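Remarks on the structure that follows.
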Amino acid sequence: MKFIVLALCFAAASALTADQISTVQASFDQVKGDSVGILYAVFKADPSIQAKFSQFAGKDLDSIKGSAEFASHAGKIVGFFSKIVGDLPNISGDVDTFVASHKPRGATHDQLNNFRSAFVSYMKAHTDFAGSESAWGATLDAFFGAVFAKM
Ligand code: HEM
């Protein structure tokens, strides 16, 4: 059963077309410089994600947003997201890296789904998302589907 689930996840990532991949990469290029804005959108949408970060837990989001520490974390998280987008469709190594670092941190499926929807809302507000929505849907299904199969 596990093999079938993993095989389906691999099929999902490799089923992305070259057009979908280039659409997602070009779309992400438009926002990847705004890592602070992306992390802010994620924390705002689900404060329980912010609460997992010991240095930000319990702090007012609008006050920490401008700090160097916030920028540094945002850069790491969005930088890794950028690596996943750049590696498409071969993201199984990135999935393993993510699961290895985030399973022990207790990141839940709800938090990951909220991360995804906050990211999509951010993209809708900052890009012309209509042309890339289905390519993003397939990409996010591939990444989160593979992650959920492993944690
Ligand atoms: C939505 C649930 C998530 C939770 C609760 C979570 C939690 C955390 C925590 C607590 C840290 C450690 C911060 C520190 O150094 O003190 C961290 C680091 C990190 N997170 Fe997440 N994270 C989540 C989702 C994501 C996603 C979706 C990505 C990117 C695809 C990501 C990428 C990273 C990276 C690159 C680091 C720094 C490297 C590392 O320490 O692993 N995180 N995360």
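Taking 0.36 nm per residue of separation and subtracting the Cα-Cα distance, what length does fully extending Lys83 through Ala57 add?
That works out to 6.7 nm of additional length.
Neighbouring Cβ atoms within 10 Å as the yardstick, rank Glu133, Glu69 fewest first.
Numbers: Glu133 14, Glu69 11.
Fewest-to-most Cβ neighbours within 10 Å comes out as Glu69, Glu133.
Can you tell me how much longer the chain between Lys76 and Ser92 gets when fully stretched, taken as 0.36 nm per residue apart minus their C-alpha distance, in nm with one decimal?
That works out to 3.8 nm of additional length.
Which of the three applies to the chain, rounded, prolate or oblate, going by the alpha-carbon gyration tensor with a ≥ b ≥ c and a/c under 1.5 meaning rounded?
Details: a/c = 2.07, a/b = 1.31, b/c = 1.58.
Since a/c reaches 1.5 but b/c is at least a/b, the shape of the chain is classed as oblate.
Could you pull out every one of the lysines with an alpha carbon less than 17 Å from that of Lys83, ignoring same-chain neighbours closer than 8 positions?
Within the straight-line limit of under 17 Å, Lys83 reaches these lysines: Lys32.
In nm, give the distance between the simple-model label positions of Asp110 and Ala15, each being 7 Å from the Cα along the Cα-to-Cβ direction.
2.9
What FRET efficiency comes out for the pair Ser117/Lys65, r = Cβ-Cβ distance, R0 = 22 Å, nearest 0.05?
With a Förster radius of 22 Å, E is 0.65.
Coordinate-derived values only; no laboratory data. A quick note: this is a predicted structure, and the numbers were derived from the prediction, not measured. So basically every Cβ, Gly included, is an ideal-geometry build from the backbone, and we count neighbours across all protein chains shown.
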